[in-house]
Amino acid sequence: MPDYSLRPFIVRTPPIHTMNPEFFLILKLVSNRYYFMESIKNVYDFSKEEGFPKTYFVYDTQEKDFFRYIIYNGDYSYKKELYMVMLTPINSKGESWATLNAFELCRDYEKGKLKGKLKEIASKLDEDSNPVIMLIKHKKRNL
């Protein structure tokens, strides 16, 4: 605060030190309306070499509510998931960017997994091309 006092940005209930196993909540991206977060469960199965499962949440500041979310990249012909942790914020409007590897785009293009503008871009690439920069803008919804 301007007077150097602290005010909680977000408070979780119950506190992490009372949980077993712990669930860590990490703030990933803040926009004018939404706070994107991920929850990581502190468990690991050494025999399977897997663990720390993640759940993705968004807090809507207008609705004052939490939601689980999944974002799909509409340039794929199947439901290709996209997570806010992959993105780098540009501004407070929630616009962001990420890179897509050329070799992965070439592979997906050959398998017919792309559509739209991304398919057009991938058709001109080879696996040694530079990464493609993807710009993300949130759609305006009419509620």
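Results, tabulated for the structure shown:
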read-out: Residue list for the range 91-123, restricted to those being surrounded by 12 or more Cβ atoms within 10 Å (Cβ to Cβ), without any contact (Cβ under 8 Å) to a residue 12 or more places away in the chain and within 21 Å of the chain's Cα centre (by Cα); value: 104
read-out: Identity of the residue in the range 31-68, touching a residue at least 24 places away in the same chain (Cβ under 8 Å) and β-branched (Val, Ile, Thr), that ends up farthest from residue 137 (Cα to Cα); value: 61
read-out: Residue that is modelled with the lowest pLDDT [pool: residues in the range 78-107 that are part of a helix (DSSP H, G or I) and closer than 28 Å to residue 28 by Cα]; value: 85
read-out: Hits in the range 72-83 (condition: surrounded by fewer than 16 Cβ atoms within 10 Å (Cβ to Cβ), farther than 29 Å from residue 15 by Cα and within 18 Å of the chain's Cα centre (by Cα)); value: 72, 74, 78, 79, 80, 81
read-out: Odd one out for residue 111 among (1) in contact with a strand residue (DSSP E or B) (Cβ under 8 Å, 6 or more places away or on another chain); (2) modelled with pLDDT of 80 or more; value: (1)
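The values are calculated or read from the model by the stated rules, or taken from the named source; none is laboratory data. All values reported here derive from a predicted model rather than from experimental measurement. So basically every Cβ, Gly included, is an ideal-geometry build from the backbone, and we count neighbours across all protein chains shown.
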